[in-house]
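To start, the structure under review is shown below, and the notes come after it.
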Amino acid sequence: QVQLVESGGGLVQAGGSLRLSCAASGSDFGRNAMHWYRQAPGKQRELVALITVGGSTVYADSVKDRFTISRDNAKNTVYLQMNSLKPEDTAVYYCYAFNSVTKRHSWGQGTQVTVSS
């Protein structure tokens with residue numbers, strides 16, 4: 001199964017932008033639906049966005065029209081472009097891969113995003 005490494009987190013002011021990347025190792029990246037989750041202190045981990053093998057996307061209502069998920073299968077990478085960031089977007093962001101055929105899944109180690117007001 002793929003191994004995932006996130007990058008791109010950091011500190012940004014409200015209204016700013018960040019782009020997260022999740023690089024995957026392994027040969028079956030293209031067979032995985034890719035997800036971004038986030039977990040804020042004291043809160044449950046929540047789905048932010050996902051992109052299917054075919055490229056369809058789903059977003060949480062809280063990030064619609066601000067975040068964009070995309071994937072580059074040639075680079076084994078999934079991205080999360082985050083615009084118009086708000087303090088409530090502050091969280092650790094995790095990449096997650098799921099292969100619906102083999103049922104195997106993987107989590108990345110997470111990357112911290114902090115949005116200051």
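The values are calculated or read from the model by the stated rules, or taken from the named source; none is laboratory data. Please read these numbers as outputs of a predicted model, since none were measured by experiment. Cβ sites come from the backbone with ideal geometry, for glycine too, and all protein chains shown count toward neighbours. Surface accessibility is based on the protein's heavy atoms, side chains included, excluding ligands, DNA and RNA. Shrake-Rupley method; radii C 1.70, N 1.55, O 1.52, S 1.80 Å.
The C-beta contact set for segment 26-46 (first residue under 23 Å from Q3 (Cβ atoms), second residue open to solvent by less than 20 Å² (accessible area, probe 1.4 Å) and among the hydroxyl-bearing types (S, T, Y), distance under 8 angstrom, 6+ apart or interchain) comprises W36/Y93; Y37/Y93; R38/Y93. For Q112, state whether it is surrounded by fewer than 17 Cβ atoms within 10 Å (Cβ to Cβ), at pLDDT 95 or above and out of contact with any Ser or Thr (no Cβ under 8 Å at 6 or more places or on another chain). Answer is yes for this residue.
Criterion applied to V78, V101 was being more than 15 Å from S7 (Cβ to Cβ) and touching a residue at least 24 places away in the same chain (Cβ under 8 Å), and the one residue passing it is V101.
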